[in-house]
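Just so it is clear, none of the values below were taken in a lab; they were calculated from the coordinates. As the structure is a prediction and not an experimental result, all values here were calculated from the model. Positions of Cβ are generated from backbone atoms using ideal geometry, with glycine treated the same way; all protein chains shown enter the neighbour counts.
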């Protein structure tokens, strides 16, 4: 028991320092990785498929048009256009964009 107590007394400061340095290193690593992911902040690219970028502004324009169509159709049927339906519309548009890029690249081979 006295051996464990003497180890605690001698090396407690070193253990705390090692833990603090490790924690600081982890936080700084995460900070710099997040900063690199964000880039310069002026990128309008949502994603990239086979090297072709999907532009945010173009995607949002198409999504707004689809949302307007879906909302008008729902109003004609006297129904509500829900958030779940909006999410589904966005997902369908994204899948369509990805499929279009893939199919175009396959056709051009």
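Tabulated data for the structure shown
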item	result
Crossing angle, helix 83-107 versus the chain [Cα axis fit, 0-90 degrees, rounded to tens]	80 degrees
Choice from 20, 84, 65 showing the highest fluctuation, given a GNM over the chain with Cα pairs closer than 10 Å	20
Relative contact order, percent, the chain [alpha-carbon distance under 8 Å, six or more residues apart]	18 percent
For the chain, the spread of Cα positions along each principal axis, largest first, Å	81, 45, 26
Angle in degrees between helix 56-76 and the longest Cα principal axis of the chain, rounded to the nearest 10	60 degrees
Where the Cα pairs of region 45-107 fall when distances are cut into 10 Å bins, in %	21, 44, 24, 11, 1
Nearest-0.05 FRET efficiency for residue 22 and residue 71, computed from C-beta distance (R0 41 Å)	0.20
Principal-axis tilt of helix 2-38 within the chain, Cα atoms, nearest 10 degrees	20 degrees
The chain - mean residue ellipticity at 222 nm from DSSP helices (-39,500 (n - 2.57) per run, n ≥ 4, rounded to 500)	-27500 deg cm²/dmol
